[in-house]
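Here is the structure we will look at.
The values are calculated or read from the model by the stated rules, or taken from the named source; none is laboratory data. These figures come from a predicted structure and were not determined experimentally. Here Cβ is always computed from backbone atoms with ideal geometry, including for glycine, and neighbour counts include all displayed protein chains. Quick note on the areas: whole protein, heavy atoms, side chains included, nothing else; ligands and nucleic acids left out. Shrake-Rupley method; radii C 1.70, N 1.55, O 1.52, S 1.80 Å.
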Amino acid sequence: ASNGVIIITTKKGKLGRKPSVNYSGNYNISNAINTIDVLDATQYRNLIQTRYPEGHPARTLMGAANTNWQDQIYAPAGGFDHSLSFGGGIGQLPFRLSLGYTDKDGILKSDNFKRTTVALNLNPSFLDNTLQVNLSAKTMFSKNNFANRGAIGAAISYDPTQPINSSDANLYGGYTTWLQPNGQPITIATANPVALLNQRSDQSDVRRVVLTGQVDYRMPFLPDLRANLNLSVDRADGEGNIFTPENAGFLQGGDGPGFKSEYTNDNTNKLLEFYLDYGKTFNKNKLNLLAGYSWQHNKLGSFSKTSNAPGTNVLFNDTDAREYYLLSVYGRANLNVGERLLLTTTLRSDGTSRFSPDSRWGLFPSAAVGYKIIDGNGEGKLSNLKARFGYGVTGQQDIGADFYPYLSRYVTSTGDADYQLGNEYINTIRPGGYNAGIKWEETATLNFALDYGLFDDRISGSIEYYIRNTTDLLNYVPVPAGTNLTNFLVTNVGDLQNKGIEFSISANPIRKATQNLDLTFNITANKNKITRLTATEDPSYQGVATGGISGGVGNNIQIHSVGYPASSFFVYEQVYAKDGKPIEGLYVDRNQDGTITPDDRYRFKSPNADFFMGFSAKYTINKFDVGFSARANVGNHVYNNVLSNSGLYNNLYNSAGYINNVVSGTEAVDFKNAQYFSDHYINNASFLRFDNITLGYQLPTVSVFKGARIWTTIQNPILVTNYEGIDPEISGGIDNNFYPRSRTFLFGLSFNL
């Protein structure tokens, strides 16, 4: 109910046609678009020699190598997709069988994904086509090899003067490792990025089966009434393991040596939906009535065991089983009065077992009206004009993996909170946090729109104004100490408003037998702000801290505050010197009390863009076609946590006995110590990104080969931005060791037999 329903209609076989074979496939190769700019070995040596005097330990720790660690962890990634289908009919039984195979590497070395799919669709008809049956079965086998994401941050910080391998091939796998005087690894030091990739295995296998059946029956005694029954079962089970050997230098001491984890998951999702649909046309009016019932059951089981590599210290051993139900009763009425007036109203009642019986059910109505001012017969330039108005309420009950947030429960301790009895560590069981009053999040949307068509709809589009108010937001937030049995809780916290204007236009300026040009553009201006966070108005309440950053436990760079956009950055206003460099530790005394305190932090920008734009074009001439799609965000901001955490001179040398690299741009900031809450690190991240450019050619028919087409596509070919980090498009607005986006070249072929 919260975000509508997505209906996927699969291709089906047809009677009366010859059996057909369809193939589509591509080969692709990817490269990282961008990596973090850090000092190379020469620049790093010069910096160490400049910052530290002769005889300082930092100088003696440098090596003789010249290693680009990001080049060592990233590599061009190849892959391919194949899809083969067979369609036709056996007697009176239409069928379609499809096979698919994908094998794709990631740009981070050792990342790999493989998938095999098999699908069968049967769609017979009975009783003079009044009874239609659609049956489908699809199975998927996926195999993943996950690269160690920790190598991304390590490659930024690891000393570029160190070699990949040490002189002792038998010590810690032969990889260079920062060591204490006693020969043991320095556990707080940056780990060798190549070792992180090569000495960690993380694999999973997943099997998924989706069975669906649909029966549609048109009543012979009342042809305007039809009944539809949908049944489906979606079952996925898998297992995985993570292993790091005992000789890995980055997992010694503590709970080591090494690491071993094994897990299994079993998820079954069952769905039953039944509805009656009645449609009747009388005079120039048309009435459609629909009423239905939906039942959904999701059951999840899991097992996980974690220990050190020898298995002598079990850190976690737990079996978990969870389930939830979602029930819905709904109705809809559509009435077309004449050829111009259209009326729609819906009402649905949804119930979820995630909430207590007192707040389990939500009632969500909607209504819309449309009027065709000009209906395809307009004279002159304006050929179509339609006005629309709508209002509706939707509900949200998705709160992630916690299926029982309203129940008081006992939970098992994590591996770092065991109780020691002699030489044995025991998992404890303790009360967990809960919220007995948790309820549906509701979103009420009001919209006004005009749809238009010009020059016989050669140009068409719409302009729409909307206001969307979300109340009782479901969020995972910190709670005051002593008020619950946990520090964080899923709860309903506050209200949020979004409002804006959307404009779209599509044009077909060239429409000929051998040429065609389609153009589209849309733009949305959106503003959001939080309108309530507490049960009663409290002007002194700053808000809910969020947006965790690296550099310390509890460091949050964002805040939810009334009257401001969600996730606004909450920072100090930096003071700059005459040369434009920020002055370390000097901020504006915004409350003018004579000292710099946390009360001087202010809300500055947010990750949300002010404007969203989309562009696409496709031009066809004879058998050639070329097209692109692009989009732009304007006004979004990003906190550069890579620079704030790795652009510090005092990070170069650690007295424990190791040295680190710094990112380029450190000199421009010129900070010795971390200044995480300076607004200097908040950058405008507006961008224009071309998602893809495609060139295709329709091959001539040769013998049994029909509809053959070859094509090439470049994904992420162009990015225009002033943001100096790795990528301006980052979920949440915090740039911190982001997996680089890739530029992918695809070469494809499709044909029919």
Practice item. With respect to residue 322, determine if the residue is farther than 30 Å from residue 460 by Cα, open to solvent by 40 Å² or more (accessible area, probe 1.4 Å), basic (Lys, Arg) and modelled with pLDDT under 95. Key: yes
Review point. Being in contact with a Pro (Cβ under 9 Å, 6 or more places away or on another chain) and either among the aliphatic types (A, V, I, L, M) or outside any loop (DSSP other than H, G, I, E, B) (or both), is that true of even one residue in the range 599-612?
Key: yes
Exercise for review: Only residues that are assigned to a loop (DSSP other than H, G, I, E, B) and polar (S, T, N, Q): list them for the range 652-671, please.
Suggested key: 655, 661, 664
Practice item. Would you check if there is a residue in the range 422-442 being within 22 Å of residue 344 (Cβ to Cβ) and open to solvent by less than 70 Å² (accessible area, probe 1.4 Å)? Key: yes
Exercise for review: Could you check, for the range 262-281, whether at least one of its residues is within 30 Å of residue 197 (Cα to Cα) and outside any strand (DSSP E or B)?
Suggested key: no
Practice item. Determine which single condition residue 164 fails, assuming it passes every other condition in (1) crowded, with 18+ Cβ neighbours inside 10 Å; (2) under 25 Å from residue 70 (Cα atoms). Key: (1)
Review point. Quick check: is even one residue across the range 590-608 acidic (Asp, Glu), surrounded by 15 or more Cβ atoms within 10 Å (Cβ to Cβ) and under 30 Å from residue 692 (Cα atoms)?
Key: no
Exercise for review: Looking for whichever is modelled with pLDDT of 95 or more, within 30 Å of residue 18 (Cβ to Cβ) and of a type in the set (Val, Ile, Thr) here; the options are 710, 693, 714, 734. Which one fits?
Suggested key: 710
Exercise for review: Quick one: residue 674 ticks every box in (1) in a strand (DSSP E or B); (2) surrounded by 15 or more Cβ atoms within 10 Å (Cβ to Cβ) except a single one, so which number is it?
Suggested key: (1)
**Study point:** Flag for residue 612 being open to solvent by 30 Å² or more (accessible area, probe 1.4 Å) and of a type in the set (Phe, Trp, Tyr)
**Key:** yes
Review point. When you scan the range 474-565 for strands (runs of 3 or more DSSP E) that lie fully inside it, which ones turn up with 2 or more residues that are without any contact (Cβ under 8 Å) to a residue 40 or more places away in the chain and of a type outside the set (Phe, Trp, Tyr)?
Key: 495-511, 515-532
Exercise for review: Assess whether residue 462 counts as being part of a loop (DSSP other than H, G, I, E, B), polar (S, T, N, Q) and either closer than 30 Å to residue 554 by Cα or under 31 Å from the mean Cα position of the chain (by Cα) (or both).
Suggested key: no
Exercise for review: Kindly indicate whether any position in the range 742-752 is touching a residue at least 60 places away in the same chain (Cβ under 8 Å), open to solvent by 30 Å² or more (accessible area, probe 1.4 Å) and under 22 Å from residue 606 (Cβ atoms).
Suggested key: no
Study note, to complete from the structure: Exception for residue 127 within (1) more than 30 Å from residue 747 (Cβ to Cβ); (2) open to solvent by 70 Å² or more (accessible area, probe 1.4 Å); (3) modelled with pLDDT of 95 or more falls at (3)
Check your understanding: Can you name every residue in the range 182-205 that is surrounded by 18 or more Cβ atoms within 10 Å (Cβ to Cβ) and touching a Lys or Arg at 6+ places or on another chain (Cβ under 7 Å)?
Key -> 197
Practice item. Working only within the range 340-379, note down all residues that are assigned to a loop (DSSP other than H, G, I, E, B) and under 20 Å from residue 407 (Cβ atoms). Key: 353, 354, 355, 356, 357, 358, 359, 360
Revision key, fill the gap. When restricted to 334, 317, the only residue part of a strand (DSSP E or B) and under 20 Å from residue 428 (Cα atoms) is 317
